[in-house]
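Only the coordinates and a few stated rules stand behind these numbers; no lab work does. Being a predicted model, the structure only gives us computed values, none of them experimental. Here the Cβ positions follow ideal geometry from the backbone for every residue, glycine too, while neighbour counts run over all protein chains shown.
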Amino acid sequence: MSFPMTPAEARVDLSAIRDNVALLRDRAPGAEIMFAVKADGYGHGLVACGRAGLEGGAARLGTAFIREALELRDAGVTAPILSWLIPPGEPLEEAIGRDVELSAATVALVDDIAEAAGRTGKAARVHLKADTGLTRGGATPADWPAVVDRAMARQSDGTIEVVGVWSHFACADIPGHPSIDVQLTAFDDALAVAEKAGAAGSHVIRHIANSAAALTLPQARYDMVRPGIALYGLSPIPELGDFGLRPAMTLVARLALAKRTPAGSGVSYGHLHVTDRETTLGLVPLGYADGILRHATDRVEVLAGGRRRRIVGRVCMDQFVIDMGDDPLTEGDEVILFGDGSRGEPTAQEWADSLGTITHEIVTRIGSRVPRVYR
Ligand SMILES: *Cc1c(COP(=O)(O)O)cnc(C)c1O
């Protein structure tokens, strides 16, 4: 395959995404897959990844914001899409008119959605969200019955159709964490309340599982799972290995400059690094504006000329420096920041471990200046 010369690019292997969906389908039999493509498909590209996920067997897509769902609709994606983070002022009418399903966890939002649906002349498809212990979004057990009752009243007047009941885990990535069973019990309680109020039947989809739960908690699969990170090929529980997932993204750059530098040279802002010998330094044209965290300084490695090289000195806004020793690397040579590891390059998991974060943050931070290139 050949790629155009660009200073840097994120290469996304869409076949890896399709394969990861197939793997999830095998691992979570009987559950539909809603592919979480929020935040520009975790930095991999919203529309391309959404399409690849659907081709691979995902039935639905999930986004945080309505505008992300509308971008998929603009691109011609017709599969069901759920948007679950709806602050005031969101374009509810447009969402309903364009068949975007909406999450609600308050009586006020149920009413806003119903009124928007009234103006649209089309029933809104709504997933009611219970807070089962994450204590982020969702209705608390105290508020839940009122939210369900209002939604059912709005269903009777034809403005809302309750098509889902859902929740989200706090600690599904911590195997054996006691909150997991507590949340499952709370979810069953919330489902019982909803069923008693009439939100029941096969058209009401029950869902709580993210990637970690989909892969490790059969009892959490219900009717549908909502994986994100696993479908981009990154492990939701690194301590348990890679689950056979294949990372989709390879981040590459081309050396902008290679120069012999004497011993004792202070490198980059603040002179945090000083060369201890004469060496060749390479300038990589990616910086913290592109998602290479500033504190990657002296912490992470990249692959250049077949060997690992450490980032030396401060990561700057647009560039950072690597030490290439006496190897004959030159301008234009390819540097692989991270990938699937098959060429000896670091993985996004290695970057996350070195930087004290999770792979979600590594890939979603890749900036808009870096083109996504698909194969
Ligand atoms: C992001 C998100 C997911 C996917 O989580 P992963 O850990 O990436 O699998 C699922 N559900 C909701 C509500 C989310 O916000």
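The string of couplings for the stretch 255-269 from the Karplus curve (6.51, -1.76, 1.60, θ = phi - 60°) is 4, 7, 7, 9, 8, 5, 9, x, 4, x, 8, x, 10, 6, 3 Hz, one whole number per residue in order, with x for Gly and Pro. Evaluated with a Cβ-only charge set (Lys, Arg +1; Asp, Glu -1), the chain carries a dipole of roughly 500 debye about its Cα centre, given to the nearest 20. All Cα-Cα distances of the chain, cut into 20 Å bins from zero to the largest, leave 28, 48, 21, 3 percent in each bin in turn. Between the listed residues THR106, MET324, GLY57, the Cα displaced farthest toward the positive end of the dipole of the chain, a dipole computed from Cβ unit charges relative to the Cα centre, is found at MET324. Starting from the 7 Å offset along Cα-to-Cβ, what nm value, one decimal, do you get for the label separation of GLU334 and HIS271? A separation of 3.8 nm, rounded to one decimal place. Please list, or write none, the aspartates and glutamates whose alpha carbon is within less than 19 Å of the alpha carbon of LYS38, excluding same-chain residues fewer than 8 places away. Result set, ordered by chain and number: ASP13, GLU55, GLU68, GLU71, ASP74, GLU90, GLU94, ASP99, GLU101, ASP290, GLU361. Once backbone amide H atoms are built at 1.01 Å from N, GLY313 has HIS273, ASP298 as its partners under 5 Å, excluding neighbours fewer than 5 places away on the same chain.
In this structure, the amide hydrogen of ASP223, modeled 1.01 Å from its nitrogen in the peptide plane, lies closer than 5 angstrom to those of ARG206, counting only residues at least 5 positions away or on a different chain. With each label modelled as a point 7 angstrom along the Cα→C-beta vector, the ARG136-ALA22 pair spans 3.1 nm.
Partners of LYS129 within straight-line reach, counting aspartates and glutamates whose Cα lies under 12 Å from its Cα and excluding those fewer than 8 residues away in the same chain: ASP143.
Note on the chain: dipole from Cβ charges, positive end direction compared against SER179, SER342, ASN20; the farthest Cα belongs to SER342. Mean separation of Cα pairs under 8 Å and 6 or more residues apart, divided by the residue count, gives the chain a relative contact order of 17 percent. Taking every full run of DSSP H in the chain, none both stretches at least 30 Å from end to end by Cα along its long axis and averages -0.5 or higher on the Kyte-Doolittle scale.
Note on LEU240 and MET317: the extension gain reaches 24.2 nm, defined as 0.36 nm multiplied by sequence separation minus the Cα-Cα distance. With the contact rule set at Cα under 8 Å and sequence spacing of 6 or more, what percent relative contact order holds for the stretch 249-374? The value is 28 percent. The order of the peptides 57-67, 229-239, 331-341 by mean Cβ neighbours within 10 Å, most packed first, is 229-239, 57-67, 331-341.
Can you say what percent of the DSSP beta bridges in the chain, counting only those with both residues inside, are antiparallel? Round to 5. The partial results should precede the final answer.
Numbers: 28 of 58 bridges.
Antiparallel bridges make up about 50 percent of those DSSP assigns within the chain.
Placing +1 on the Cβ of every Lys and Arg and -1 on the Cβ of every Asp and Glu, with no other charges, gives the stretch 227-375 a dipole of roughly 320 debye about its Cα centre.
Residues in the stretch 284-297 carry Karplus couplings, in order, of 9, x, 9, x, 5, 5, 9, x, 8, 3, 4, 7, 6, 2 Hz; the curve used is 6.51 cos²θ - 1.76 cosθ + 1.60 with θ = phi - 60°, and Gly or Pro positions show x. Of all lysines in the structure, not one lies under 19 Å Cα to Cα from LYS259 without also being fewer than 8 positions from it along the same chain. Packing, as the average of other Cβ atoms within 10 Å across residues, places the peptides 247-257, 74-84, 6-16 in the order 247-257, 6-16, 74-84, highest first. With each label modelled as a point 7 angstrom along the Cα→C-beta vector, the VAL47-ARG73 pair spans 1.6 nm.
Computed on the stretch 31-232, with alpha-carbon pairs under 8 angstrom and 6+ residues apart, the relative contact order is 19 percent.
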